[in-house]
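Enquirer: Attaching a single structure in structure tokens format; questions to follow.
The values are calculated or read from the model by the stated rules, or taken from the named source; none is laboratory data. Computed from a predicted structure; not experimentally measured. Every residue, glycine among them, receives a Cβ derived from its backbone with ideal geometry; neighbour counts consider all protein chains shown. Ligands, DNA and RNA are stripped out before the accessible areas are found, and what is left, the full protein with its side chains, is counted by its heavy atoms. Shrake-Rupley method; radii C 1.70, N 1.55, O 1.52, S 1.80 Å.
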Amino acid sequence: MSVLFIALPLALLLGAGGMLACIMCIRGGQYDDLESPAVRILIDEDSLPRHSDTGAQTTSEVSPDRATDPAQIAQDRSH
């Protein structure tokens, strides 16, 4: 019976800490974008334009919204 005086408050503290951590992650935007990380692995970084001394286009010169959106890049490559 005396174990309950230690185990119950400890369990409540751990549960409250987990719930607090979950709420902080949700409010911080951790779960806002669930699509891009899954598609980002499919992007071939070698085919993206790089800045060089020869005057080649950089990724900022190639439509910024399309160059940085992994889902859009994967969709463009599939067509």
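Enquirer: Quick one: if you stick a label point 7 Å off each Cα along the C-beta vector at LEU12 and LEU34, how many nm between them?
Expert: Placing both labels 7 Å beyond Cα along the Cβ direction yields 3.3 nm.
Enquirer: Roughly how much of GLU35 is accessible, in Å² to the nearest 10, using a 1.4 Å probe?
Expert: Taking all protein chains as shown, GLU35 has close to 130 Å².
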